[in-house]
1. So what does the Cα-only Debye profile of region 97-195 read at q = 0.13, 0.24 Å⁻¹, as log10 I(q)/I(0), no solvent term?
2. Sort the following peptides by mean Cβ neighbour count (other Cβ atoms within 10 Å, averaged over residues), highest first: 75-87, 158-170.
3. Roughly what would the spin-label model give for Arg50 and Asp143, points 7 Å off Cα along C-beta, in nm?
4. Using the Karplus curve 6.51 cos²θ - 1.76 cosθ + 1.60 with θ = phi - 60°, work out ³J(HN,Hα) for each residue of region 158-174 in order, rounded to whole Hz, and write x for Gly and Pro.
5. Output ³J(HN,Hα) for region 141-149: one whole-Hz value per residue in order, computed from phi by the Karplus curve 6.51 cos²θ - 1.76 cosθ + 1.60 with θ = phi - 60°, and x for Gly and Pro.
6. Summing Lys, Arg as +1 and Asp, Glu as -1, what charge do residues with Cβ under 10 Å from the Cβ of Gly191 carry, Gly191 excluded?
7. Please get the size of the charge dipole for region 14-87, origin at its Cα centre, with Cβ charges of +1 on Lys and Arg and -1 on Asp and Glu, quoted in debye to the nearest 20.
8. Convert each backbone phi in region 53-63 into a coupling constant with the Karplus relation 6.51 cos²θ - 1.76 cosθ + 1.60 (shift: θ = phi - 60°), then list the ³J(HN,Hα) values in order as whole Hz, x for Gly and Pro.
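Only the coordinates and a few stated rules stand behind these numbers; no lab work does. Since the model is a prediction, treat every value here as computed from it, not as a measurement. Cβ atoms come from the backbone with ideal geometry, glycine included; neighbour counts cover every protein chain shown.
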Amino acid sequence: MARGFEVARNKLSETRIKALVKPGIYSDGDGLFLRIRAGGSKQWFFIYKRNGQRTELGLGGYGQGIAPVSLALAREKADAIRERLARGDDLHSRKTFLSVMDDVLDVKQASFKNDKHKAQWVMTLKKYAEPLHKLPIADITRDHVVEVLKPIWTKIPETADRTRQRIAAVIDHAKARGLYVGDNPADWRGGLKELLPARSKLSRGHHAAVGYKDLPLVVSNLRKSILQKSFG
């Protein structure tokens, strides 16, 4: 095989991984490995060989951080890499968020309601999602999305949520093209609700509750007001 690794896969299990404490490198087979460091952290990585050159790709940490990579997700990511290698893709020329974002804007060109709608999409993605632009789309995590949204989440909540939705649309586009593996990190149901500060609810149009003892007086005044408007 071009990668130079055994075909056998699925050597590890969740039970075994949780029990592993000795620093070292443990193979799940066919290029997928788990590295355990002296401090106890566990990191997934994939190794392949092409034209005699060995390359290592990090796939994320196991059981740590806001977006931990489970055994199942690590295998899913490894499968995506194997598919790209089989197609002869150059894994070093990975698309950035900005590149995929431009593709999405081109695809949506005909579906924008008007120029204003298009300008809103362009503005939110170019201005507020700017920290994501240079990142490889495949490497974007929930941490990155939170960093983008947190500064504007309570200041301009409506714009912030639209920015989140549009980031999610870019990543969904990447998933459809096989450029992103795993859950969409900008999906509200995927954990963002627990990671972003609560936003104050709009109080416009609401009045303070009337106490029980004050209710007769309020009703009396309301009746007088209605009568005055009717016969005034």
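1. Per q value, in the given order, log10 I(q)/I(0) is -0.41, -1.39.
2. 158-170, 75-87
3. Those two pseudo-labels are separated by 2.7 nm.
4. Each residue's phi maps through the Karplus curve to give 5, 5, 4, 5, 5, 4, 4, 4, 6, 5, 4, 5, 5, 6, 4, 4, 5 Hz.
5. Result, ordered by residue: 10, 4, 4, 4, 5, 4, 4, 6, 7 Hz.
6. Residues near Gly191 contribute 0 overall.
7. Dipole about the Cα centre, nearest 20: 220 debye.
8. Running phi through 6.51 cos²θ - 1.76 cosθ + 1.60 with θ = phi - 60° gives 9, 8, 10, 10, 10, x, 10, x, x, 8, x Hz.
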